[in-house]
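Asker: Sharing a structure, written as structure tokens. Questions coming.
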Amino acid sequence: TPVIGVLALQGDVREHVAALTAAGAQAVPVRRPRELEAVDGLVIPGGESTTMSRLVDVFELREPIDKRIVGGMPVYGSCAGMIMLATEVLDGRPDQRGFDGISMTVRRNAFGRQVDSFEAPVTITGIAGDPFHAVFIRAPWVERVGEGVQVLGQVADGPSAGRIVAVRQGNLLATSFHPELTGDARLHRYFVDLVRATA
Ligand code: GLN
């Protein structure tokens, strides 16, 4: 059974632990470098990326996580977690910093103030079955992807049609939406399979 950590500094940690458990992993909260050493993969939850960025430094996890990423550890980030995995952030706070992650530019709170939260069907490449019932909460979107980044999902229609909301680069996976909130374990299963294939 793969052991998958959930970065537990801030955000919807519990929901990811439950989703990973439902997907067949052993899920453990990660707050310290020593706890990071014991995991085969890591989830960065939704929450607030500026706060998370600050806490990553306070808990001295930035360098250890960057090192594990470079070493090939699979990481999945949802929403704020996607922002933490982006090499470039628009509309971020000047002092916020992400990991050595996915070559992409994301825009924070991109879907606009009028629609803080909304739901839309999103089909994910490589995941069979019905489209995801994707829940977006002050979500980012991906404005640019670099070389080697695979677009896995885009908003299908409506005013945000075509916006990129799921990507993968090697062992790094990110979604703008929160599959951990809807009881649909398929995305976590996809990630658990990725961790299994890597470990
Ligand atoms: N707007 C938040 C941020 O900038 C992300 C929101 C979320 O994770 N639901 O970090």
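The values are calculated or read from the model by the stated rules, or taken from the named source; none is laboratory data. Please read all numbers here as calculations on a predicted model, not as lab measurements. Positions of Cβ are generated from backbone atoms using ideal geometry, with glycine treated the same way; all protein chains shown enter the neighbour counts.
Asker: Can you tell me how many residues within segment 49-86 are more than 24 Å from E180 (Cα to Cα) and within 12 Å of the ligand (Cβ to nearest atom)?
Answerer: Count: 0.
Asker: If you don't mind, another one. Select, from V89, V106, V135, V39, the only residue that is in a loop (DSSP other than H, G, I, E, B), at pLDDT 95 or above and either farther than 21 Å from E180 by Cβ or of a type in the set (A, V, I, L, M, F, W, C) (or both).
Answerer: V39
Asker: Identify, please: which residue in segment 168-191 is within 16 Å of the ligand (Cβ to nearest atom) and outside any loop (DSSP other than H, G, I, E, B) and is, among those, surrounded by the fewest Cβ atoms within 10 Å (Cβ to Cβ)?
Answerer: L181
Asker: Cβ-Cβ distance below 6 Å, separation of 6 or more or different chains: which pairs start in segment 119-138 with a residue that is among the charged types (D, E, K, R) and end on one that is in a strand (DSSP E or B)?
Answerer: Between residues of segment 119-138 that are among the charged types (D, E, K, R) and residues that are in a strand (DSSP E or B), the close pairs are E119/V135.
Asker: So which of G112, G158 is modelled with pLDDT under 95, over 20 Å from H188 (Cβ atoms) and within 16 Å of the ligand (Cβ to nearest atom)?
Answerer: From the options G112, G158, the qualifying one is G112.
Conditions (1) surrounded by 15 or more Cβ atoms within 10 Å (Cβ to Cβ); (2) within 17 Å of the chain's Cα centre (by Cα); (3) hydrophobic (A, V, I, L, M, F, W, C), marked per residue:
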site	(1), (2), (3)
R34	no, no, no
V39	yes, yes, yes
I44	yes, yes, yes
G47	yes, yes, no
T50	yes, yes, no
E60	no, no, no
G71	no, no, no
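Asker: Still on this structure, I have one more. Would you call T51 among the polar types (S, T, N, Q) and part of a strand (DSSP E or B)?
Answerer: In short, no.
Asker: May I ask you to list the residues in segment 1-16 that are more than 23 Å from V89 (Cα to Cα), buried (at least 19 other Cβ atoms within 10 Å of the Cβ) and within 16 Å of the ligand (Cβ to nearest atom)?
Answerer: E15, H16
Asker: From the list T51, T21, which one is among the hydroxyl-bearing types (S, T, Y), more than 25 Å from R108 (Cβ to Cβ) and modelled with pLDDT of 95 or more?
Answerer: The conditions single out T21.
Asker: Give the residues of segment 1-36 that are in contact with a Pro (Cβ under 6 Å, 6 or more places away or on another chain) and in a strand (DSSP E or B), sorted by residue number.
Answerer: Correct list: V6 only.
Asker: Tell me the residue from L173, L187, L152 that is under 16 Å from the mean Cα position of the chain (by Cα), more than 13 Å from I102 (Cβ to Cβ) and among the hydrophobic types (A, V, I, L, M, F, W, C), please.
Answerer: The match here is L187.
Asker: Of all residues being of a type in the set (F, W, Y) and closer than 25 Å to E88 by Cβ in segment 104-157, which is surrounded by the most Cβ atoms within 10 Å (Cβ to Cβ)? Just the residue, please.
Answerer: For segment 104-157, the residue satisfying everything is F136.
Asker: Kindly evaluate V75 against the criterion of being farther than 23 Å from R31 by Cβ, under 16 Å from the mean Cα position of the chain (by Cα) and among the β-branched types (V, I, T).
Answerer: Against the criterion (farther than 23 Å from R31 by Cβ, under 16 Å from the mean Cα position of the chain (by Cα) and among the β-branched types (V, I, T)), V75 does not qualify.
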